[in-house]
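Step one of this worksheet: look at the structure below.
Each value in this text was obtained by applying a stated rule to the coordinates, not by laboratory testing. If you're wondering where the values come from, they're calculated on a predicted model, not measured in any experiment. Cβ sites come from the backbone with ideal geometry, for glycine too, and all protein chains shown count toward neighbours.
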Amino acid sequence: MTTEATFDVVIVGGGPAGSTAADDLARRGYSVLLLDRRGRIKPCGGAIPPRAIQDFAIPDHLLVARIRSARMVAPSHAKVDIPIEGGFVGMVDREIFDEWLRKRAEESGAKREDAVFEHLDRDPDGVCVVHYLRLDGEGKSHPESVRTRAVIGADGARSKVAKQAVPGAEDARYVFAYHEILSAPGRENGEYDASRCDVVYRGEFSPDFYSWVFPHGDTVSVGSGSADRGFSLRQAVTGLRQVSGLEKAKRLRSEGAPIPLKPLRRWDNGRDLVLAGDAAGVVAPASGEGIYYAMHGGRLAADAVDLFLRSGDCKALATARKRFMRVHGKVFWILGVMQWFWYRSDKRRERFVSICRDKDVQQLTFDAYMNKELVRARPAAHVRIFFKDLAHLAGLLRP
Ligand SMILES: Cc1cc2nc3c(=O)[nH]c(=O)nc-3n(C[C@H](O)[C@H](O)[C@H](O)COP(=O)(O)OP(=O)(O)OC[C@H]3O[C@@H](n4cnc5c(N)ncnc54)[C@H](O)[C@@H]3O)c2cc1C
């Protein structure tokens, strides 16, 4: 094993967070090594908002479907259809999307390695050393190590980098999500509509989160999430397929993965390392949306590392979390309260879906999702929603 090269930055994980950070830093002229373990497609519904497409210059050809409406389904089967006015939600296929992001980083100058990160270490002069197994074309692994001035840990939920370097990372909590990728039926086949996402709130399919049917062009993702380890997500998805008219659709893949529930309190080691994306615990509560937040987190981690490398001040690393929470902290907090309050029982889920009939609620939800902003220009709507929410809560308290 040799420790020869010294990089400005080593990035562990080439998902949306790591690839975005690698691209941003390589474009600024830093020497970047991007380590990613090949071979596994990230289990994911693949829904991205217009803000992600715009901020991260995602080309049209990566969008396998454009979603024009969302259907909220209550435990009683009551349905609320919400049109997505003046826009669409893009659907990406993670196998193609992630590889495209890694290639973009490479074209910008990052060096890519098919590799499995092993551990961090320090040379006698204090410089960080990253140890990994490089995978060659024949599947053989070779131990390697590199010296680096900074590290970005973007290796996803249950991050090995976070556990080794950032205090508190081992306490992270997760929802587990499982989905099946099916061959899509015809464009409109009974309940199924290839331009509509269904979000299903039924305790039978998820006791504490939600379930979904997300069209992806030729395929469709049908899945569910729960933090309850005793709950059978496979059975839930079988049931969901039945009620969605997809029981006969051909199953192409089935897979699951944890979704972090809360941003970690600390994302950096106070010395030369910062986390981004799922590794930092960054997924929106209630919705489980993580791709946009991973990319934004990757961008802020790149900015923080840039500042650190230019100034030598380790405190610069903490700016990634500070800036992220300043922009998204309030929305995460509101979504966290929503999940805690509304996803508790079928009675509450029923009311939650009925609230979604309200045009003000629909408008604000979509503004927040599509543009990642709470719209200040609509104070009257905020006040109306506040009072309507109170009325709903009061309704819950009645015997
Ligand atoms: C079933 C499911 C459905 C979801 N649906 C949606 C959705 O519709 N929309 C949405 O926005 N979000 C969704 N999410 C969340 C979203 O997938 C994640 O938040 C997002 O992928 C996080 O990106 P990331 O780059 O931080 O991590 P990841 O995408 O997990 O990428 C981490 C990368 O690190 C690599 N890696 C890990 N360990 C090592 C190692 N030791 N050495 C080298 N490389 C390593 C992995 O191979 C991977 O490429 C869903 C999640 C799940 C589980």
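Some points to look at:
- Antiparallel bridge percentage (DSSP; both residues within the chain; nearest 5): 70 percent
- Relative to the globular-protein estimate of 2.2 N^0.38 Å, the Cα radius of gyration of segment 140-268 stands at 1.34.
- Here's how it looks for VAL175: its modeled amide H is under 5 Å from those of ILE259, LEU261, which are all 5 or more places away or on a different chain.
- Relative packing of 10-21, 249-260, 228-239, which averages over residues the other C-beta atoms within 10 Å, highest first: 10-21, 249-260, 228-239
- Computed about its Cα centre, the charge dipole of the chain is approximately 1300 debye, with only Lys, Arg, Asp and Glu carrying charge at their Cβ.
- Among TRP340, TRP100, a tally of other beta-carbon atoms within 10 Å of each Cβ gives an order, fewest to most, of TRP340, TRP100.
- Given charges at Cβ of Lys, Arg, Asp, Glu: segment 132-249 dipole, positive-most of GLY156, SER232, LEU182: GLY156
- Rounded to 10°, Cα long-axis angle of helix 346-355 versus longest principal axis of the chain: 90 degrees
- Computed over the chain: relative contact order in percent, which uses C-alpha pairs under 8 Å that are six or more apart: 19 percent
- From least to most packed, judged by other beta carbons within 10 angstrom and beginning with the fewest, LEU63, LEU317, LEU34 follow the order LEU63, LEU317, LEU34.
- Counted charge near ILE53, where neighbours are those whose Cβ lies closer than 13 Å (Asp, Glu -1; Lys, Arg +1): +1
- The phi torsions of segment 81-96, fed into the Karplus equation with coefficients 6.51, -1.76 and 1.60 and a -60° offset, translate into couplings of 9, 10, x, 9, 6, x, x, 7, 9, x, 10, 10, 9, 4, 4, 7 Hz, rounded to whole numbers, with Gly and Pro shown as x.
- Helix-only CD estimate at 222 nm, as mean residue ellipticity for the chain, using -39500 (n - 2.57) per DSSP H run (n ≥ 4): -11000 deg cm²/dmol
- Per residue, the convex hull around the alpha carbon atoms of segment 45-135 comes to 192 Å³.
- Annotation: peptides 287-296, 74-83, ranked by per-residue average of other Cβ atoms within 10 Å with the highest first, follow the order 287-296, 74-83.
- Principal axis analysis of the Cα atoms in the chain yields extents of 68, 46, 41 Å, listed in decreasing size.
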